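J.: First, the structure itself, so that you have it in front of you.
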Amino acid sequence: MPKTKIYDHAKATAGLKNKFVQQVDKIVWKYKLAPETINLAAGRGVPEIEVLWLMLKTPDLHDDVLRAIDRAIPFPLIFELHFQDKIQVAAAYKRPNDADSAKWVVSDHFKSAWMPDNANRPPIPVALNLAGLYEKLLDPLLPSETGAGEPLSVRVRRAEEIRAKERLLAQINARLAKEKQFNRRIAINAERRALKKELDDLARRNARAGD
């Protein structure tokens, strides 16, 4: 699959194109999971699922690359990232925009651990339709602390909230490490404690949701 098609559809900047060049060797459109290929009916918001293989030049792939591909292809996507003799599965939760069904809402991307490319892989999950299959393919990629047994959309929102707070906490820790003034350190520490409490509260809510 030519990278130029992704660039055109995603309106790629020079910086994004550079990430593709440095990190991605080639993109292979490997499988199409659709009513005519696996005999499952289309589900709400999931007319078909595309499986793309990304042959990587480096094990570190920027999420901007995955987001650009997701924006360029108007179907739910499952990525298999290949680097040397290892594979990693990645995907975002993707759904049609409620206000404009021609557009898609794309969540953060979630990834499995790296695994050997010859590892035993589980078969395609049993599902009643493609929407159910899509949820079952995404479910194991979500962090366990988001809580199990709830709708996928709820778990995704929680995972994104946790990630956002963790990024903010890292920024606060960096500020604290650089700050020399005692009064400023006290203020930053208070900010840090409040954010850690929010993360702890989220973890407790998720634990209750999984019970």
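The values are calculated or read from the model by the stated rules, or taken from the named source; none is laboratory data. What you are looking at is a predicted structure, and each value in this text was computed from that prediction instead of being measured. A quick note on method: Cβ atoms are made from the backbone with ideal geometry, for glycine too, and the neighbour counts reach across all protein chains shown. We work out accessible area using only protein heavy atoms, side chains counted, and drop any ligands, DNA or RNA first. Shrake-Rupley method; radii C 1.70, N 1.55, O 1.52, S 1.80 Å.
J.: Using just the helices of the chain, give the 222 nm mean residue ellipticity in deg cm²/dmol: DSSP H runs with n ≥ 4 each add -39,500 (n - 2.57), and the total is spread over all residues, rounded to 500.
T.: So the calculated ellipticity at 222 nm is -15000 deg cm²/dmol.
J.: Cα extents of region 32-150 along the three principal axes, largest first, in whole Å?
T.: Projected onto its principal axes, the Cα set of region 32-150 covers 39, 33, 30 Å.
J.: On average over all directions, what projected area in square nanometres does the chain have, based on the convex hull of its Cα atoms? If you can, show how the numbers build up before the last one.
T.: Values: hull surface 59.5 nm².
For the chain, the mean projected area of the Cα convex hull comes to 14.9 nm².
J.: Here is a further query. Given a 10 angstrom Cα cut-off, can you work out which residue in Gln171, Gln23, Gln88 is the most mobile in a GNM of the chain?
T.: In the Gaussian network model the winner is Gln171.
J.: Explain nothing, just the number: dipole magnitude of region 1-45 about its Cα centre with +1 on each Lys and Arg Cβ and -1 on each Asp and Glu Cβ, in debye rounded to the nearest 20.
T.: Computed about the Cα centre, the dipole is about 140 debye.
J.: Using Cα pairs under 8 angstrom and six or more residues apart, how large is the relative contact order of the chain, in percent?
T.: 15 percent.
J.: Could you state the accessible area per residue of the chain in Å², with a 1.4 Å probe and every protein chain left in place?
T.: Result: 59 Å² per residue.
J.: Among Lys19/Lys165; Lys94/Lys165; Lys57/Lys197; Lys103/Lys196, which pairs are too far apart, with a Cα-Cα distance over 29 Å?
T.: Working: Lys19/Lys165 26 Å; Lys94/Lys165 22 Å; Lys57/Lys197 40 Å; Lys103/Lys196 36 Å.
Pairs exceeding the cut-off: Lys57/Lys197; Lys103/Lys196.
J.: Lys/Arg Cβ at +1, Asp/Glu Cβ at -1, dipole of the chain taken about the Cα centre: which of Ile186, Leu138, Leu168 is farthest positive-ward?
T.: So the residue furthest toward the plus end is Ile186.
J.: For region 78-211, what is the charge dipole size about the Cα centre, in debye to the nearest 20, if Lys and Arg each add +1 at the Cβ and Asp and Glu each add -1 at the Cβ?
T.: Approximately 780 debye in magnitude.
J.: Here's something else I'd like to know. Farthest toward the dipole's positive end in the chain, which of Pro125, Leu16, Ile78, given Cβ charges of +1 (Lys, Arg) and -1 (Asp, Glu) about the Cα centre?
T.: Final value for the positive-end residue is Leu16.
J.: Further question on the same structure: For region 74-182, with all protein chains present and a 1.4 Å probe, just round the carbon and sulfur fraction of the accessible area to a whole percent.
T.: The C+S portion of the solvent-accessible surface of region 74-182 is 55 percent.
J.: Follow-up question, since we're still on this one. Where the only charges are on Cβ atoms (+1 Lys, Arg; -1 Asp, Glu), what is the dipole of region 1-93 about its Cα centre, to the nearest 20 debye?
T.: Numbers: 13 positive and 11 negative charges, 53 e Å.
So the magnitude is around 260 debye.
J.: Highest mean first, what order results for 10-22, 108-120, 66-78 on Cβ atoms within 10 Å?
T.: On the way: 10-22: 14.2, 108-120: 12.5, 66-78: 19.9.
So the order, starting with the most tightly packed, is 66-78, 10-22, 108-120.
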